[in-house]
1. If I filter segment 539-552 down to residues being assigned to a helix (DSSP H, G or I) and either over 12 Å from Thr517 (Cα atoms) or among the β-branched types (Val, Ile, Thr) (or both), which single residue comes out as most open to solvent (accessible area, probe 1.4 Å)?
2. Report yes if some residue within segment 445-457 is over 28 Å from Gly351 (Cβ atoms) and open to solvent by 10 Å² or more (accessible area, probe 1.4 Å); otherwise report no.
3. How many residues, within segment 186-203, are of a type outside the set (A, V, I, L, M) and surrounded by fewer than 16 Cβ atoms within 10 Å (Cβ to Cβ)?
4. Just for segment 115-154: of the residues that are within 17 Å of the chain's Cα centre (by Cα) and within 11 Å of Ala167 (Cβ to Cβ), which one is surrounded by the fewest Cβ atoms within 10 Å (Cβ to Cβ)?
5. So, in segment 439-459, how many residues would count as being out of contact with any Gly (no Cβ under 9 Å at 6 or more places or on another chain), on the phi < 0 side of the Ramachandran plot, not in a strand (DSSP E or B) and not β-branched (Val, Ile, Thr)?
6. Considering Asp52, Asp33, which residue is over 28 Å from Ile304 (Cβ atoms), of a type outside the set (Ser, Thr, Tyr) and surrounded by 14 or more Cβ atoms within 10 Å (Cβ to Cβ)?
7. What single numbered condition from (1) closer than 16 Å to Leu558 by Cα; (2) in contact (Cβ under 8 Å) with a residue 24 or more places away in the chain; (3) in contact with a strand residue (DSSP E or B) (Cβ under 9 Å, 6 or more places away or on another chain) fails to hold for Leu540?
8. Would you check if Lys500 is open to solvent by 10 Å² or more (accessible area, probe 1.4 Å), at pLDDT 95 or above and either assigned to a helix (DSSP H, G or I) or of a type in the set (D, E, K, R) (or both)?
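The values are calculated or read from the model by the stated rules, or taken from the named source; none is laboratory data. Just so you know, these numbers come straight off a predicted model, no measurement behind them. For neighbour counting, all protein chains shown are included, and Cβ atoms are generated from backbone atoms with ideal geometry for every residue, glycine included. All accessible areas refer to the heavy atoms of the entire protein, side chains included, with ligands and DNA or RNA removed. Shrake-Rupley method; radii C 1.70, N 1.55, O 1.52, S 1.80 Å.
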Amino acid sequence: MSLTEPPPTVPPEDRGRAGRRRPPRTPKGRQIDPRALEEVRALLGARERRRDLLIEHLHLIQDRYGYLSSAHLAALAQEMKLALTEVYEVATFYAHFDVVKEGETPPPPVTVRVCDSLSCALVGAERLLAELPQKLGPNVRVVRAPCMGACDRAPVCAVGHVQVMHADAAKVAVSAAQPTHAHAYPTPADFEAYVKGGGYDLLKACIGGKRRRDDVIKVVSDAELRGLGGAGFPTGRKWSLVRAEPAPHLFAVNCDEGEPGTFKDRHYLERDPHRFIEGMLIAAWIVEAADTYLYVRDEYPEVILLLIDEIAKVEKSGLSKHTKIHLRRGAGAYICGEESAMIESIEGKRGLPRHRPPYVAQVGLFGRPTLEQNVETLYWIRDIVEKGAAWFTSQGRRERKGFRSFSVSGRVKNPGVKLAPAGVTIRELIDEYSGGMLEGHTLKGFLPGGASGGIFPAALADQPLDFGTLERHGGFVGSHAVVILSDRDDMKAVALNLMKFFEDESCGQCTPCRVGTEKAAKLMAKGPWDPALLTELSTLMRDASICGLGQAAPNPLLCVLKYFPDELTKPLGSW
């Protein structure tokens, strides 16, 4: 071959003058399928193509086609003027998005998610997982799923987005044969009824100048209202911190209660949504938030529909002119219950917790000072301000103050949300509020705060349940998710169930949590348990993880080592 002859790898039709390669006929990278682009544009319609709406737009495609194809992701990236990697990393982060790569087979038209978290595992989730694939056939996909926020009606399955309570194979089969997006939500106290009962009078007084912000903050502070999503930070103090930051301020409301065993926010939203909405609008007025973002977990489709309808009524009445309400839908990620991860998700990103400082109150949503609050906290604001701080603080036992909403599930006769005085004990919760233990069951242990709060023995059943009372025992009350365990339950199996949950829900950002939860689950499942090794691993996770998920993940494991040592030598039980 002469030196002037073009290389043989260049096709003759692509050779230009002097053997130079001609420009490619198409741009580099994945080519956009015109049909997919047309379909994406039709779904988006007149909606804005802002980056923070990426997850909302992914939901549109997932809901319409049942999965996210490579062609649709590429089309969405072009339509939103984003790099395909930005769209792909978000789509693959969230459990409720099914990404189908080029050449892969799409999932069956119907997906059944079986909750395998603790409360459902206690009453037959594993049996359902074994029975359903044969019962439903090849056109239905059966997968494991984490807590769905209906622990009082366990076991629970979701057929598409519709939850089947007290599920068995027959019930699920009927629902799978006629899948729908969501059931009609329960009829709550609607807008007109709420207003007739004095609802929104307090909000009108606030925005009408009859109430001063500092006076409202003082009442809430005197009532010692705390954040009831798990952290327990004083509400009045949080309002003051955000107000002290330069404007404009923003407001993010956390309705992503993913802690196994927790369902209290769902309870209040389904039954009295306007009491929460009024509290939310008052808090937005307090901190002068120009925009309010309400982040609701995707497992609650009925609640989302309810809020869309009821918020529209409030907006039409002119009661929300001081703040613009944006309702955002989660996509199946427990980590987004952490405030900074939720803010990342609202911005249309993966839900990765941020390093702190700066704190959310300083640099939060879109880089602005942001108030972040839980549903139940906002639910109490109207009653506290109208009835006075003394009314709220007069409730409580053992020198604790206020009401607490406990999500109670497990081995009790009457599970559900129990409104009880702060400082109530587990024994009182069982006997006075939950109808006692199930017949034939004896109290053996309990989770005071969901998967994160630890596992305590019956010997601690007379300890007061509140913020700061259980830390010295190796746990905490957190979101007040109480799961009752009996003498029929294997504590090692309970701890392993919780550790597998953390392993699956770790966002993967930091090595101590990502690798630590996986390693701990393997060691616990393999057995026999090595207390020294498991303690060393737990210490590493606690000390080095970025956020509370990795820091709290060892709590159930360490509690079993501490409080149930006689079970360590026994074979691992099954459900």
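1. Asp543
2. Within segment 445-457, one or more residues are over 28 Å from Gly351 (Cβ atoms) and open to solvent by 10 Å² or more (accessible area, probe 1.4 Å).
3. Residues flagged as of a type outside the set (A, V, I, L, M) and surrounded by fewer than 16 Cβ atoms within 10 Å (Cβ to Cβ) within segment 186-203 amount to 8.
4. Going through the qualifying residues, I end up with Ala150.
5. Result for segment 439-459: 3.
6. On inspection, the qualifying residue turns out to be Asp33.
7. Among (1) closer than 16 Å to Leu558 by Cα; (2) in contact (Cβ under 8 Å) with a residue 24 or more places away in the chain; (3) in contact with a strand residue (DSSP E or B) (Cβ under 9 Å, 6 or more places away or on another chain), the lone unmet condition for Leu540 is (3).
8. For Lys500, the condition - open to solvent by 10 Å² or more (accessible area, probe 1.4 Å), at pLDDT 95 or above and either assigned to a helix (DSSP H, G or I) or of a type in the set (D, E, K, R) (or both) - is met.
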